[in-house]
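Q: A single structure is presented below for examination.
The values are calculated or read from the model by the stated rules, or taken from the named source; none is laboratory data. On a predicted model such as this, the values are computed, not experimentally measured, just so you know. For neighbour counting, all protein chains shown are included, and Cβ atoms are generated from backbone atoms with ideal geometry for every residue, glycine included. Protein only, heavy atoms only, side chains kept; ligands, DNA and RNA dropped before computing areas. Shrake-Rupley method; radii C 1.70, N 1.55, O 1.52, S 1.80 Å.
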Protein chains: 2
Amino acid sequence: MRPNGCFGCGQDNPYGLQIESHWEGDEVVCQWTPKEYMIGPPNYLYGGISASLIDCHSVNTALSYAHKKVGNDDKYDRSIQMVTGSMNLRYIKPVPMREVELRATVEKVEGRKYFIKTELQSDGITCVRGDVVAIQLKAAQ
Amino acid sequence: MRPNGCFGCGQDNPYGLQIESHWEGDEVVCQWTPKEYMIGPPNYLYGGISASLIDCHSVNTALSYAHKKVGNDDKYDRSIQMVTGSMNLRYIKPVPMREVELRATVEKVEGRKYFIKTELQSDGITCVRGDVVAIQLKAAQ
């Protein structure tokens, strides 16, 4: 297994977010705690980090859903790859510098496009809402 | 001057983006080079970092425009504060791990809402487009 240095999900990137997402019923969920240097305004999480969390968690959700579709829940299939096509974010409340929870659902799938809705919550209160379109890459021939 | 630790613009945050934006005619421009750990897929910039750059650069643009409006180009006025209300991003091309340029314009201002259009370019090619609504906070009485 080669190192995964991705700033979002890379377990080999000590400065990154190292997010991990898992299914909980029909939702994909992630608990995550900020590092001190991920601050924006005093006491609050930097907005670009919220964007990063929503981006990665949504793409993870699409990726995992695509694996499920082909009946492959457990084994990682390298031929299934996603990129972010678009991301619409609404910042509702500032996010305190403590554990957050991400909750995502697959709204619909159209061809290679996966429409994902993700909420970033703090203490059960939704602070940021994201609509992400993840696009599955064509498998290499 | 207290330390500015913001992950986006904080000159006192060694792990952050440390972005700086300046006027060039009617546009606000920023050149920025990624650090190695800001990678996403191999050889390409992490999408959440592109989101962070567009977020910060757009808010910088709104902030600077608001200063100009009150005839205060040079002096930083702490009573003028902005937050990100919403951000819509379209990822058009992957962003190589080398210098990028951000170019932003103020599309319109409605009350306390500043509508900013920002492009992230690599070698003159637009890779990510962002529409950001920055909201000016009411000044403390």
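Q: If you check A:V109 against the conditions, is it touching a Lys or Arg at 6+ places or on another chain (Cβ under 7 Å), among the hydrophobic types (A, V, I, L, M, F, W, C) and more than 21 Å from B:A51 (Cα to Cα)?
A: Against the criterion (touching a Lys or Arg at 6+ places or on another chain (Cβ under 7 Å), among the hydrophobic types (A, V, I, L, M, F, W, C) and more than 21 Å from B:A51 (Cα to Cα)), A:V109 does not qualify.
Q: What is the residue count in the range A:114-131 for residues that are open to solvent by 10 Å² or more (accessible area, probe 1.4 Å) and of a type in the set (S, T, N, Q)?
A: Taking the range A:114-131 and keeping what is open to solvent by 10 Å² or more (accessible area, probe 1.4 Å), we get A:115, A:117, A:119, A:121, A:123-126, A:129, A:131.
Still in the running and of a type in the set (S, T, N, Q): A:121, A:126.
Final tally of qualifying residues: 2.
Q: Taking the conditions exactly as written (open to solvent by 70 Å² or more (accessible area, probe 1.4 Å) and either part of a helix (DSSP H, G or I) or without any contact (Cβ under 8 Å) to a residue 60 or more places away in the chain (or both)), does B:Y37 satisfy them or not?
A: no
Q: Any idea which residue in the range A:61-70 is modelled with the lowest pLDDT, counting only those that are surrounded by fewer than 24 Cβ atoms within 10 Å (Cβ to Cβ) and in a helix (DSSP H, G or I)? Quick ask: steps written out before the conclusion?
A: Applying the first criterion (surrounded by fewer than 24 Cβ atoms within 10 Å (Cβ to Cβ)) to the range A:61-70 yields A:63-70.
From what is left, the residues that are in a helix (DSSP H, G or I) are A:63-69.
On the way: A:L63: 92, A:S64: 92, A:Y65: 94, A:A66: 93, A:H67: 89, A:K68: 87, A:K69: 83.
Within the range A:61-70, the match that is modelled with the lowest pLDDT is A:K69.
Q: Shifting gears a bit: Has the range B:14-28 got at least one residue that is hydroxyl-bearing (S, T, Y) and open to solvent by less than 70 Å² (accessible area, probe 1.4 Å)?
A: Going through the range B:14-28, the residues hydroxyl-bearing (S, T, Y) turn out to be B:15, B:21.
Among the residues that remain, those that are also open to solvent by less than 70 Å² (accessible area, probe 1.4 Å) are: B:21.
The answer is yes; a qualifying residue exists.
Q: In addition: Considering only residues of the range B:37-67 that are more than 7 Å from chain A (Cβ to nearest Cβ) and polar (S, T, N, Q), which is nearest to A:I54 (Cα to Cα)?
A: Filtering the range B:37-67 for residues that are more than 7 Å from chain A (Cβ to nearest Cβ) and polar (S, T, N, Q), the one nearest to A:I54 (Cα to Cα) comes out as B:S50.
Q: If B:Y91 satisfies all but one of (1) in contact with a Gly (Cβ under 8 Å, 6 or more places away or on another chain); (2) free of Cβ contacts under 8 Å to residues at least 40 places away in the same chain, what's the number of the condition it fails?
A: Condition not satisfied by B:Y91: (2).
Q: May I pose another question? Can you tell me which residues in the range A:40-60 are part of a loop (DSSP other than H, G, I, E, B) and open to solvent by 20 Å² or more (accessible area, probe 1.4 Å)?
A: A:P41, A:P42, A:N43
Q: Among (1) touching a Leu at 6+ places or on another chain (Cβ under 9 Å); (2) in contact (Cβ under 8 Å) with a residue 12 or more places away in the chain, where does B:G10 come up short?
A: If we test B:G10 against (1) touching a Leu at 6+ places or on another chain (Cβ under 9 Å); (2) in contact (Cβ under 8 Å) with a residue 12 or more places away in the chain, just (2) comes out false.
Q: Let me ask you something else. Quick one: how many residues across the range B:71-113 are of a type outside the set (A, V, I, L, M), away from chain A (no Cβ under 14 Å) and either open to solvent by less than 60 Å² (accessible area, probe 1.4 Å) or touching a helix residue (DSSP H, G or I) at 6+ places or on another chain (Cβ under 7 Å) (or both)?
A: 7
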